[in-house]
Each structure stands twice: as structure tokens, then as C-alpha cells.
Amino acid sequence: MRWVRNSLTLRLMITSKISTKAQTTIPQSVRVALGLQAGDTVGYAIENDRVILTRISARKEGDDPFVTFSEWDSPEDETAYRDL
């Protein structure tokens, strides 16, 4: 953690390092604050010189807009598109 001065405020900033593969671990305090668990999806919004990390809500079952499209739901289609 590091103290950061931004205009007139001084606040504690939680930090993490980026690996050689451009990966980072989300710190525990951030995971707790956002309610993140293994397998959750996060979103990144870039605003000027900041990135906002947001937990993406899991999609509720039956909330798939393509569920009504059955024209490509045959066993033959499953076989043809399995490895895509």
C-alpha cells in the first residue's frame, strides 16, 4: 500500500505488481470490498488516467437473449462447431 496525494486529498492506495505475463493478483482487501470469488468476472473501465475495476454480476439462468434461436441447435451443428 502507498499513500497518494491527489490535488488536496491524501489517501491510501492499494497496489499490486504486474508479472512478466501482464498478470496481477487482485489484493484481498479489493476482493472483499467487491465480493469477488474464484471464477467471478471483472470489468475494466478506462477513464482518463484511471481504471475502474467492477465486479460483473453473474447472468441469471434464462437471461440468454439467444435461447430462442433453435435453428443451429441440432446434433449436427454441435458436431460441426464443437472445436471453434
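Just so it is clear, none of the values below were taken in a lab; they were calculated from the coordinates. The model shown is predicted, which means the values in this text are computed figures rather than measured ones. As a convention, Cβ positions derive from the backbone with ideal geometry for all residues, glycine included, and neighbour counts pool all protein chains shown.
ASP40 to THR20: FRET efficiency via 1/(1 + (r/R0)^6), r the Cβ-Cβ distance, R0 30 Å, to the nearest 0.05? Intermediate results must be reported in sequence, preceding the final value.
Details: r = 25 Å, r/R0 = 0.82.
With a Förster radius of 30 Å, E is 0.75.
Summing charges over all other residues whose Cβ lies under 15 Å from the Cβ of ALA38, with Lys and Arg as +1 and Asp and Glu as -1, gives +1. Sequentially through the stretch 31-47, phi angles give Karplus couplings (6.51, -1.76, 1.60; θ = phi - 60°) of 4, 5, 4, 9, x, 7, 9, 3, x, 5, 10, 10, x, 10, 10, 9, 10 Hz, Gly and Pro residues having no value and appearing as x.
Compute the length gained on full extension between GLU71 and ASN48: take 0.36 nm times their separation in residues and subtract their Cα-Cα distance, giving the result in nm to one decimal.
Between GLU71 and ASN48, full extension yields 3.9 nm more.
Taking amide hydrogens as placed 1.01 Å from N in the peptide plane, the amide H of VAL42 sits under 5 Å from those of ILE56, each at least 5 positions away in sequence or on another chain.
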